[in-house]
Amino acid sequence: MATTHNLGFPRIGARRELKFALEAYWKGELCRDDLLGVASDLRRRHWQDQAGLDLVPVGDFSLYDQVLDMSATLGNLPERVHGFHGDPLDNIFRVARGRSAPASGEHAECCGGVAAGEMTKWFDTNYHYIVPEFSASTRFALDATRLLSQLVEARSQGLRAKPVIIGPVTYLALGKAKDGSDKLALLERLLPVYADLLEALAAEGVAWVQVDEPILVTELGTEWRRAFTTAYDRLRSARVKLLVASYFGPLQENAPLAAGLPVAGLHVDAVNDRDGVLDLLNMLDASKVLSLGVVNGRNIWKTDLTAVLDWLEPLAARLGERLWIAPSCSLLHVPVDLDSEQRLDREIASWLAFARQKLGEVAVLATALNRGREAVRSELEANRAAITARRDSPRVSNPAVKAALAGITAEQSRRRSPYAVRAARQAAWLKLPAFPTTTIGSFPQTAEVRQVRSQFKTGKIGQADYRRAIEKEIARCVREQEALGLDVLVHGEAERNDMVEYFGEQLEGYAFSQFGWVQSYGSRCVKPPILFGDIRRPKAMTVDWITYAQSLTDKPMKGMLTGPVTLLNWSFVRDDQPRSVSCRQLALAMREEVLDLERAGVRVIQIDEAALREGLPLRRAQWQEYLDWAVGAFRLTANGVADETQIHTHMCYSNFNDIMAAIADMDADVITIETSRSDMELLDAFDDFRYPNEIGPGVYDIHSPNIPSVEHIAALLRKAAERIPPERLWVNPDCGLKTRQWSEVIPALTAMVAAARMLRAAMA
């Protein structure tokens, strides 16, 4: 009998209940008990959704981030949050975002903001985690309160619970030694705390614990491979059974290491590593469980259940009760429930499966394995019909797009002149001061702006009223920027719900959900568009708004676009053709928009590629192939313009040091990049790599409500000027200002402009 389980479930709620509760708590509008009540109710509902599984995950729910939760469990929160009054939960939020709910009364002075923890991408996903911080003196101490309390809750629902924790080797690998010390030297201190945690779970009668070790799908050096052996030899005496879980890719050369760990079971991503499963099975001890992730936890297309069964049935015959089946990874990366969708195109909806539907697919597969296919004949027939309908649909393929793709030439991906020539021509036209100031694109999306968009979308107001309202907001943004003294302005993006969805709604080949929200970080949720077919741009998407904004000012106005790689990586992408092909289709569509902006007189155009590194394969051996087509797609988008047109790009919240050569090869005139949370650490890359064009290292962390001082920003800029020639240095926040309040943005940007002027004066 195959055992069914799940690695994790979305925690935001089908209607983003967690998001709204968190934001109300941070504003002081919701008390702690009410916030925890919302969280408890979500867990209860989500466990009900998973009640049909043989084992249900516990501990995958987090109020902010599961890695930060693991840091708290291990007693490894940064020293700067020690000594605060109040609830320990507030320290979690201080690390995550710089502050928690407003401190009151006698604690207002001493319990305010701190520097937020560094945030970066979780492997190759669009989920962000808070980076654990280490030093040579780091000590660990167990606090299992959160996990044990959730275990009690789950058992009160009659569930057979499987606690989920991040494994010790992955935890160290995800962190950063702030003093440059050796992270692995901490393993000896860390393992006793893990042993204590497993013992605490055993004392509660837990049978199985899922230990997530996703770095097993990456290239591991000798020391890290040895760390796995050391760690699990030390934990083998635990009185619980350990299921070590890998996901997001194939094990490849790490398969013997994983198979040889002294644990009771191993989970592998059989969506991405099907070819390696048979070899792994031959390495695996005959007593060990093999959990196969056979339903894609990263995308939303229905699983071809018949094809999976054809592959699984021989394995099931061989493994018997040692076979477990599950999604490939946590379902954190997909929306909650397709049944919530009432407006989604019904044909396209019939091709999809969200988290709840994916668990249904696991159940069908298990029933077929345990009782025979006849027991689920109708489900298999319906699934087969949906798979066939999608494959044969004329909506998926557009011959005109394919012809355009075939006609791409190398000349289209090259600027007419080298950067030095372009820079001189742009400087003559723009006439910018030293340390020019700008922002990344968006300004605060107030409740009024969101209401106007919603009213227009639901037909409560007409086109004329909508346009007047958005133009009013654009005018406000322009006025505020002129008053601040910014040098290159933006229109503020009041008309945009999301930097990907906005464009996807205007491109053929995309579909859109109503409630397909996915957590990006904390309370930040995104609703990825569904890229189901060939991409075509029917008409201009941004020109009217940008040219209106330009008409209000004599200062340069940036046209704001999302680049093809980010449109790809932040969408649910079709799985019936290579990603590189879809990316080139997007590049051709966005190239047309770039050229239309230039023809309309917009001579500064920013093409955001925030997700460039996110799509980088987890193994270095595959990097170059990806970078070749990803950078090529950007160049195809950007490089049809005249020398006088200045192309910007923006990237955020990833580690870029190891791909600086590829970023330089994009040949953008200006790149703006996140560096504030890492204290300009990214600039270490310029010790060994001379970046040839202009760069704006972000000096204002917009993901925290903290307002930086003039002195803080000036210090960051001086640090940047040590590596980047001042004449090529821009001054900007590290990301868009959409999620901030005007009351935060105005003083922060005032400080940013003042810091730039301070440096100009010092140069004079």
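The values are calculated or read from the model by the stated rules, or taken from the named source; none is laboratory data. A quick note: this is a predicted structure, and the numbers were derived from the prediction, not measured. So basically every Cβ, Gly included, is an ideal-geometry build from the backbone, and we count neighbours across all protein chains shown. Surface areas here come from the heavy atoms of the whole protein model, side chains and all, with no ligands, DNA or RNA. Shrake-Rupley method; radii C 1.70, N 1.55, O 1.52, S 1.80 Å.
If a/c stays under 1.5 just call it rounded; otherwise compare a/b with b/c (prolate if a/b is bigger, oblate if not). Do that for region 352-395, with a ≥ b ≥ c from the square roots of the Cα gyration tensor eigenvalues.
Working: a/c = 3.87, a/b = 1.60, b/c = 2.42.
The shape class here is oblate.
Per residue, how much accessible area does region 284-324 have with a 1.4 Å probe, in Å²? Walk me through the intermediate numbers first.
Details: 1470 Å² over 41 residues.
Dividing the accessible area of region 284-324 by its residue count gives 36 Å².
Pull up all non-local amide H partners of ILE671: gap of 5 or more, or a different chain, and H-to-H distance under 5 Å with H placed in the peptide plane.
THR649, GLU694, ILE695, GLY696
Can you tell me the 0 to 90 degree angle between the C-alpha axis of helix 742-763 and the longest principal axis of the chain, rounded to 10?
That works out to roughly 60 degrees.
Got a sec to turn the phi values of region 230-243 into Karplus ³J(HN,Hα) couplings, 6.51 cos²θ - 1.76 cosθ + 1.60 with θ = phi - 60°, whole Hz, x for Gly and Pro?
4, 4, 7, 5, 5, 8, 5, 7, 4, 8, 10, 8, 9, 10
Per residue of region 329-337, in order, report the coupling 6.51 cos²θ - 1.76 cosθ + 1.60 (Karplus, θ = phi - 60°) as ³J(HN,Hα) in whole Hz, putting x for Gly and Pro.
Result, ordered by residue: 8, 4, 7, 3, 8, 10, x, 6, 8 Hz.
What net charge do the residues around PRO168 carry, taking every other residue with its C-beta under 10 Å from that of PRO168, with Lys and Arg at +1 and Asp and Glu at -1? Could the numbers behind the result be given before it?
On the way: positive: ARG234; negative: GLU213.
After counting each charged neighbour, the total is 0.
Using a 10 Å cut-off on Cβ atoms, rank the peptides 148-161, 251-264 from the highest mean neighbour count down. Walk me through the numbers on the way to the answer.
Working: 148-161: 16.6, 251-264: 18.1.
Highest to lowest by the protection proxy: 251-264, 148-161.
Cβ neighbours within 10 Å, averaged per peptide: list 372-379, 714-721, 332-339 in order, most packed at the top. Please report the intermediate quantities before stating the final value.
On the way: 372-379: 13.2, 714-721: 19.8, 332-339: 22.2.
In decreasing order of mean packing, 372-379, 714-721, 332-339 become 332-339, 714-721, 372-379.
Counting only heavy atoms of protein chains, what accessible area per residue, in Å², does region 202-268 have with a probe of 1.4 Å?
Numbers: 2310 Å² over 67 residues.
Each residue of region 202-268 exposes 34 Å² on average to a 1.4 Å probe.
List the GluC sites (Glu not before Pro) within region 178-223 that fall in a DSSP loop (any state other than H, G, I, E or B) and whose Cβ has at most 14 other Cβ atoms within 10 Å. Intermediate results must be reported in sequence, preceding the final value.
Values: sites: GLU188, GLU199, GLU204, GLU219, GLU223; in loops: GLU204, GLU219.
Answer by residue number: GLU219.
Taking the Cβ of CYS477 as the centre, find all other residues whose Cβ is under 11 Å away and add up their charges (Lys, Arg: +1; Asp, Glu: -1).
-2
Taking a ≥ b ≥ c as the square roots of the Cα gyration tensor eigenvalues, with a/c under 1.5 meaning rounded and otherwise prolate when a/b beats b/c, else oblate, which class fits region 247-342? List each step's numbers first, then the result.
Working: a/c = 2.20, a/b = 1.73, b/c = 1.27.
Prolate is the answer for region 247-342, as a/c is 1.5 or above and a/b outweighs b/c.
Nearest 5 percent is fine: what portion of the DSSP beta bridges confined to the chain is antiparallel?
DSSP beta bridges in the chain are roughly 15 percent antiparallel.
Could you tell me how many degrees, from 0 to 90 and to the nearest 10, lie between the Cα long axis of helix 32-49 and the main elongation axis, the longest principal axis, of the Cα atoms of the chain?
Taking the Cα atoms of the chain, the angle to 32-49 is about 60 degrees.
How large a share of the accessible area of the chain, in percent, is made up of carbon and sulfur atoms when the probe is 1.4 Å and the other protein chains stay in place?
Numbers: 14010 of 28210 Å².
Accessible surface attributable to carbon and sulfur in the chain totals 50 percent.
Give the long-range amide H neighbours of THR120: residues separated by 5 or more places, or on another chain, with amide H under 5 Å away, using H modelled in the peptide plane at 1.01 Å from N.
TYR129, VAL131
Loop only per DSSP, at most 15 neighbouring Cβ atoms within 10 Å: give me the trypsin sites (Lys or Arg not before Pro) in region 538-629, ordered by residue number.
LYS539, ARG619
Roughly how tilted is helix 447-457, in degrees to the nearest 10 and between 0 and 90, from the longest Cα axis of the chain?
Approximately 80 degrees, to the nearest 10.
What accessible area per residue, rounded to a whole number of Å², is obtained for region 448-542 using a probe radius of 1.4 Å?
On the way: 3620 Å² over 95 residues.
So region 448-542 comes to 38 Å² accessible per residue, rounded to a whole number.
Report relative contact order for the chain in percent, whole number only (criteria: Cα-Cα under 8 Å, sequence separation at least 6). Don't skip to the end; give the middle numbers.
Numbers: 1435 pairs, mean separation 96.8, N = 764.
After rounding, I find 13 percent.
Where does each of 135-142, 272-279 land if you order them by average Cβ count within 10 Å, highest first?
So the order, starting with the most tightly packed, is 272-279, 135-142.
Taking Cα extents along the principal axes in Å straight from the coordinates, which label in [x] 73, 64, 52; [y] 85, 51, 46; [z] 115, 58, 57 is the correct one?
[x]
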